[in-house]
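The values are calculated or read from the model by the stated rules, or taken from the named source; none is laboratory data. Quantities reported herein were computed from a predicted structural model and do not represent experimental measurements. Here the Cβ is made from the backbone with ideal geometry for all residues, glycine too, and neighbour counts use every protein chain on show.
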Amino acid sequence: MAMIGNEKYCKESSATVAEVVLGVDTHLDVHLAVALDHLGRRLSMFSVPTTKKGYESLLAWAEGLGPLRCAGVEGTSSYGAGLARHLRAMGIAVVEVERPKRRHLRRKGKSDPIDAEAAARAVLSGEAAGVPKSADGRVEMIRTLRSARHSAVKARSQAANQLQSFVVTAPEELRDRLRELTTKKLVSVAARMRPGQDLDDVEAATKFALRSVARRYQALSKEISELDAQLDRLVAEAAPELISLPAIGTHHAATLLLTVGDNLERLGSEASFASLCGVSPVEASSGKVVRHRLNRGGNRDANRALHLICVVRMRIDERTRCYVARRTAEGKSRRESSVAARRTGHGSHRTAPRGLLRHSHPVRSGTPRPMIGIRDS
């Protein structure tokens, strides 16, 4: 774990460095860091393994160059999650840095030192200013359980499709017995089949395969039910007001909470949350034409959740129906009215922060919690 770079330059310049900005290119086994001074001069590079001792060595190296101002880390929700947690625990400000744009890669090239230096320069210039998710509370618990549920649901769908494919190619007598059954009934029947241990013909082998996949389907269904029970409890504890609103169930609420993260203070206002969900209008004016277009950025899962909430509310919620009728009378199409409803709060982007704000885990001492104005319009 040796230092890479000009060690002599680092020693000579350390006395004149006012503050150090760190940029880290993260990987599975090794992180590479580049340090810049307050003027953007490159000080040195350092690579460390992705272990606790490696993180401690990286911090000691950076602080040896001068006062550490902050660290820009790529992949704070993946390969850089461990390093980001360690730096925050040591009181170091961590800034989330996006991966370089492809047009920049074509112009500047691609390597670990280049990426790490680009991360540090993005922080120094103010281009990167996003606070990463802390991933240390209920929302992180929800994320892990939801990820497990997603894979279980996908596997169960594959098992159901495989069952149907076995029926299609089964011998005629077995096929005639099973072809009219629904998936639920097919699973129940196939799980009780007794093909025996000596598989001496195609029908016996098909029954054995059907039973195996059907029992897998049942096991996955039980797993999904257990995960749903845990998710229902955690979401209800994290945001009880959110799930009490019409058209917002556990999974939509979980999607919105995952977009916010455990540390709500990283969002400056409800407008920043709307932008994060891709429901804030983007100005597209030119000359005398003043208009706004649809925001196609942001978190698409959160955008989809808000869309589905709005679609249901347009059928069952009187306030949303009145709002859509008013916008339609103004000349808006149904699609434009739906977009406006999501943008103005009828899709509940204003309510998601409040549910987490009041019922999330306690904030660390000394960290002010922002008051976000919520309006259920």
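Quick notes on this one:
The rows are residues; the columns are (1) farther than 29 Å from residue 77 by Cβ; (2) touching a residue at least 24 places away in the same chain (Cβ under 8 Å).
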position: 286; (1), (2): yes, no
position: 292; (1), (2): yes, no
position: 301; (1), (2): no, yes
position: 313; (1), (2): yes, yes
position: 340; (1), (2): yes, no
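- Matching residues in segment 55-81 - criterion: being under 15 Å from residue 112 (Cβ atoms) and not in a strand (DSSP E or B): 58, 75, 79, 80
- Qualifying residue in segment 228-239 (condition: touching a residue at least 60 places away in the same chain (Cβ under 8 Å), under 30 Å from residue 141 (Cβ atoms) and assigned to a loop (DSSP other than H, G, I, E, B)): yes
- Here the helices (runs of 4 or more DSSP H) wholly within segment 82-193 that include at least 2 residues being within 21 Å of the chain's Cα centre (by Cα) and in contact (Cβ under 8 Å) with a residue 24 or more places away in the chain are 138-169.
- Qualifying residue in segment 52-61 (condition: touching an Asp or Glu at 6+ places or on another chain (Cβ under 9 Å) and either of a type outside the set (Asp, Glu) or assigned by TED's automatic domain parsing to the domain that holds residue 18 (or both)): no
- Within segment 257-290, restricting attention to residues that are of a type in the set (A, V, I, L, M), in a loop (DSSP other than H, G, I, E, B) and surrounded by fewer than 13 Cβ atoms within 10 Å (Cβ to Cβ), the residue that is farthest from the chain's Cα centre (by Cα) is 290.
- Segment 20-47: number of residues that are closer than 14 Å to residue 76 by Cα and among the hydroxyl-bearing types (Ser, Thr, Tyr): 1
- Taking the listed residues 59, 36, 28, the one that is modelled with pLDDT of 90 or more and within 21 Å of residue 140 (Cβ to Cβ) is 28, with no other qualifying.
- Neighbours by Cβ (under 8 Å, 6+ apart or cross-chain): first from segment 18-39, touching a residue at least 24 places away in the same chain (Cβ under 8 Å) and part of a loop (DSSP other than H, G, I, E, B); second surrounded by fewer than 24 Cβ atoms within 10 Å (Cβ to Cβ) and basic (Lys, Arg): 19/69; 38/69
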